Amino acid sequence: MADDALFEFLHMEIVALVYKEQATREDIDKERVTCVSTLEAMGFRVGQGLIERFTKDCPTFKDDLDLMKFLCKDFWSTIFKKQIDNLRTNHQGTYVLQDNTFALLTQFSSGKQYLEEAPKYLAFSCGLIRGALSNLGLESVVTAEVSLMPSCKFQVVIQKL
Amino acid sequence: MAVCIAVIAKENYPLYIRSVPTQGELKFHYTVHTSLDVVEEKISGVGKALADQRELYLGLLYPTEDYKVYGYVTNSKVKFVIVVDSSNTSLRDNEIRSMFRKLHNSFTDVMCNPFYNPGDPIQSKAFDSIVSTMMVQAC
């Protein structure tokens with residue numbers, strides 16, 4: 001019952017802890033960048049483990065689009081209890097995942113308030129997506145943007161070697 | 001009962017390899033290495049054929065005069081290879097499949113362990129004990 005809330009609270013505390021630790025060190029300029037990287041790296045490792053567990057019983061994926069659809073439906077609903085609302089692609093390795101009520105942002109506001117704080121709370125989820133894709137064989141760069149809470153867009157660019 | 005079990009990473013280096021110590025370990029390492037070619041062929045070959053449901057279990061890779069080699073690949077391109085004794089003909093396909101399932105389950109547990117970095121050799125005792133239950137008992 002209380003499962004969803006548990007993760008949200010834990011996530012909030014993780015973000016707060018990472019920023020507090022950084023504030024006690026001297027270098028204020030690098031503060032934001034290192035915190036976001038730390039959170040992203042955490043998400044990366046968690047994504048790798050989670051994808052191993054979730055794809056245990058699935059057949060192999062036919063192509064990248066199939067993989068992204070799996071990410072949007074099964075992966076997202078197992079973690080955030082809902083699917084991604086909109087997936088767009090240019091068929092050349094760029095995908096935009098849009099979630100209109102992102103679980104980790106719903107408690108902040110339903111408009112423009114606290115917009116500048118949002119990226120901190122999206123770093124972990126970006127890492128999650130990147131970790132999941134990396135373990136499935138796709139190197140990618142994931143960025144997130146928020147224009148109106150609680151809706152957010154994750155942009156995934158697949159790096160073709 | 002298997003005589004050799006190996007877990008090979010996406011980049012084709014071994015994460016874990018264990019064989020019955022009574023026989024030459026080098027021979028098993030070599031067998032597993034050559035079976036990788038067959039695994040690659042199966043993975044890429046199915047892609048060119050009709051894109052229907054692809055299973056993770058690859059089945060019998062190739063038989064030698066003494067041994068049979070079975071393969072399984074996960075969605076994260078980690079390969080499991082099991083070598084069994086040919087004389088033990090009572091082993092059915094289902095049993096091999098269930099051995100792979102157990103391996104995959106305990107590999108997933110290893111992956112979720114925060115102290116394990118993906119790409120390192122597997123040193124988990126729990127994984128070792130699962131593998132021991134599947135190996136031939138050394139006499």
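For this structure, a couple of remarks:
Residues checked against (1) outside any strand (DSSP E or B); (2) touching a helix residue (DSSP H, G or I) at 6+ places or on another chain (Cβ under 9 Å); (3) closer than 30 Å to B:TYR72 by Cβ:
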position: A:ASP74; (1), (2), (3): yes, yes, yes
position: A:LEU87; (1), (2), (3): no, yes, no
position: A:GLY111; (1), (2), (3): yes, no, no
position: A:ALA123; (1), (2), (3): yes, yes, no
position: A:ILE129; (1), (2), (3): yes, yes, yes
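- Among (1) out of contact with any Leu (no Cβ under 6 Å at 6 or more places or on another chain); (2) in contact (Cβ under 8 Å) with a residue 12 or more places away in the chain, the one test that A:GLY43 misses: (1)
- Selected residue [touching a residue at least 12 places away in the same chain (Cβ under 8 Å), among the small types (Gly, Ala, Ser) and assigned to a loop (DSSP other than H, G, I, E, B)] from A:ALA144, A:ALA103: A:ALA103
- Meets criteria (surrounded by fewer than 17 Cβ atoms within 10 Å (Cβ to Cβ) and closer than 22 Å to B:GLU41 by Cβ) for B:ASP120: no
- Subset of the range A:50-65 [assigned to a helix (DSSP H, G or I), within 9 Å of chain B (Cβ to nearest Cβ) and among the charged types (D, E, K, R)]: A:GLU52, A:ARG53, A:LYS56, A:ASP57
- Within the range A:139-161, considering residues that are within 18 Å of A:ASP64 (Cα to Cα) and at pLDDT below 85, the one surrounded by the most Cβ atoms within 10 Å (Cβ to Cβ): A:LYS160
- Condition check for A:LEU97: away from chain B (no Cβ under 14 Å), over 27 Å from B:PHE100 (Cα atoms), surrounded by 14 or more Cβ atoms within 10 Å (Cβ to Cβ) and at pLDDT below 85: no
- If only residues of the range B:98-117 that are surrounded by fewer than 16 Cβ atoms within 10 Å (Cβ to Cβ) and either in contact with a Phe, Trp or Tyr (Cβ under 7 Å, 6 or more places away or on another chain) or part of a helix (DSSP H, G or I) (or both) are counted, the one that is nearest to the other protein chains (Cβ to nearest Cβ) is B:CYS112.
- Taken over the range B:2-27, the criterion of being within 17 Å of B:THR64 (Cα to Cα), among the hydrophobic types (A, V, I, L, M, F, W, C) and more than 12 Å from the chain's Cα centre (by Cα) is satisfied by B:LEU26 alone.
- Residue check for A:ASP74: among the acidic types (Asp, Glu), within 9 Å of chain B (Cβ to nearest Cβ), surrounded by fewer than 17 Cβ atoms within 10 Å (Cβ to Cβ) and within 30 Å of B:ASN105 (Cα to Cα): no
- Top-ranked residue in the range B:1-26 [being within 14 Å of chain A (Cβ to nearest Cβ) and of a type outside the set (D, E, K, R); ranked as nearest to B:ASN94 (Cα to Cα)]: B:VAL7
The values are calculated or read from the model by the stated rules, or taken from the named source; none is laboratory data. All of these numbers come straight from a predicted model, not from anything done at the bench. Cβ atoms come from the backbone with ideal geometry, glycine included; neighbour counts cover every protein chain shown.
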